[in-house]
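Novice: The structure is given below, and queries will be raised subsequently.
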Amino acid sequence: MELDKAIQNRHSVRKFSNKKPDWRTIIECLDASRFAPMAGNIYTARFIIVDDVEKIRKIAEAAQQDFISEAKYLLVVCSAPSKTLNAYEERGKNYYKQQAGAAIQNFLLKIEEAGLATCWIGHFVEEQVKDELKIPDDITVEALFPIGYEFTKSRRKSKIDLDRILYFNSYQNKKMKNPVRGD
Ligand SMILES: Cc1cc2nc3c(=O)[nH]c(=O)nc-3n(C[C@H](O)[C@H](O)[C@H](O)COP(=O)(O)O)c2cc1C
C-alpha cells in the first residue's frame, strides 16, 4: 500500500469482528516501531502483546471502555525511560513521550496496510494495567491498542485543514514571504 493511502485511511475502530488476526502479522507491524527516531538512539519503547481473554477483560475495566474486551489481541505500549532521563534529565521526560508516539505511529500505519484495525487508548488507570501485567515501577504505560478486524467499514472522520494549523516565520502569521517581491 502506498504511504499516502495508509496515512489517509488509518482511523480508530471500536467494533471488531470475531475473526482472530494472525499474531505473526501483528509482530510484523510492530517491527516497524524499531525504526522510529529516538534521542541519542536510546530505544525507550517496550511492547506487551496480550491474548489472554481474562487479562484483556481486566484491562478493558481499567480503561472503563467495554469494547476493548471484544478485541482478540491487545498491544500495551510502555516506555523504559531511565537511560533517556539519565542522559537528558528534565528534557528526557518530553523525549521519551514523543518517542513512544513516533513508534506508535509507525505501528499504526503498518496495521492499516495489513488490513487490521485498532484504536489508540490513552484513558486508563495505569496502576491497574501495571498490576495485571506485572509491569515494574520504573516502566510507564503509554497507551493500549485493541487489535482485530473492523466489524463494518466505518466513516472516516473529517480532518482539519492544513491552512488552519500552518504558520510562516512566526506563530499565527499566515502569509509566506513572496519569493519574487520579498514582501
Ligand atoms: C493520545 C490519544 C488518546 C486517545 N484515547 C482514546 C481513548 O481512551 N478511547 C478511545 O476510544 N479513543 C481514544 N483515542 C482515539 C481518538 O479519539 C481518535 O484518534 C480521534 O477521535 C480521531 O479519530 P481517528 O483516529 O479515527 O482519526 C485517543 C487518541 C489519542 C491520540
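Novice: Angle check, please: helix 53-63 long axis (alpha carbons) against the longest principal axis of the chain (alpha carbons), in degrees 0 to 90, nearest 10.
Specialist: It works out to around 50 degrees.
Novice: Can you run phi through the Karplus equation (6.51, -1.76, 1.60; θ = phi - 60°) for the stretch 88-104 and list ³J(HN,Hα) in whole Hz, with x for Gly and Pro?
Specialist: Couplings: 10, 6, 4, 4, x, 4, 5, 4, 6, 5, 4, 5, 4, x, 5, 5, 5 Hz.
Novice: Then there's this: Which value, in nm² and rounded to one decimal, describes the direction-averaged projected area of the C-alpha convex hull of the stretch 76-183?
Specialist: Reported value for the Cα convex hull: 11.6 nm².
Novice: While we're looking at this one, here's another question. Please report the antiparallel percentage of the DSSP beta bridges confined to the stretch 3-154, to the nearest 5.
Specialist: 95
Novice: To continue, here is another question. If the convex hull of the alpha-carbon atoms of the stretch 40-128 is projected onto planes in all directions, what is the mean projected area in square nanometres?
Specialist: Its average projected convex-hull area is 6.4 nm².
Novice: Could you list Phe16, Phe35 so that the one with the fewest beta carbons within 10 Å of its beta carbon is first and the one with the most is last?
Specialist: Phe35, Phe16
Novice: Using 29 Å as the Cα-Cα cut-off, could you pick out the over-long pairs in Lys110/Lys153; Lys19/Lys157; Lys58/Lys110; Lys58/Lys83; Lys97/Lys157?
Specialist: Beyond 29 Å between Cα atoms: Lys58/Lys83.
Novice: Along the three principal axes, how long is the chain when you take its alpha carbons, biggest first, rounded to the nearest angstrom?
Specialist: 66, 45, 28
Novice: Determine the dipole magnitude for the chain: charges of +1 sit on the beta-carbon of Lys and Arg, -1 on that of Asp and Glu, nothing else is charged, the reference point is the Cα centre, and the result goes in debye to the nearest 20.
Specialist: It works out to roughly 820 debye.
Novice: Determine the distance separating the Cα centre of the stretch 66-134 from the Cα centre of the stretch 11-25; give it in Å without decimals.
Specialist: Taking the Cα centre of each part, the stretch 66-134 and the stretch 11-25 sit 18 Å apart.
Novice: Shifting gears a bit: Most exposed first by the Cβ proxy, i.e. fewest other Cβ within 10 Å, how do Ile121, Ile42 rank?
Specialist: Ile42, Ile121
Novice: Once amide H atoms are built 1.01 Å from N in the peptide plane, which residues 5 or more positions from Tyr73, or in another chain, come under 5 Å H to H?
Specialist: The list, which skips near neighbours in sequence, is Ile147.
Novice: Tell me the relative contact order for the chain as a rounded percent, counting alpha carbon contacts under 8 Å between residues six or more apart.
Specialist: Here the relative contact order equals 31 percent.
Novice: Taking 0.36 nm per residue of separation and subtracting the Cα-Cα distance, what length does fully extending Lys153 through Asp4 add?
Specialist: Here the segment from Lys153 to Asp4 would lengthen by 51.7 nm.
Novice: Within a 10 angstrom radius of the beta carbon, how do Arg14, Arg155, Arg34 rank from fewest other beta carbons to most?
Specialist: Fewest to most other Cβ atoms nearby, the residues stand as Arg155, Arg34, Arg14.
Each reported figure results from applying straightforward, stated rules to the coordinates on display, with no laboratory input. Since the model is a prediction, treat every value here as computed from it, not as a measurement. Cβ coordinates were reconstructed from backbone atoms using ideal geometry, including for glycine residues, and neighbour counts include every protein chain displayed.
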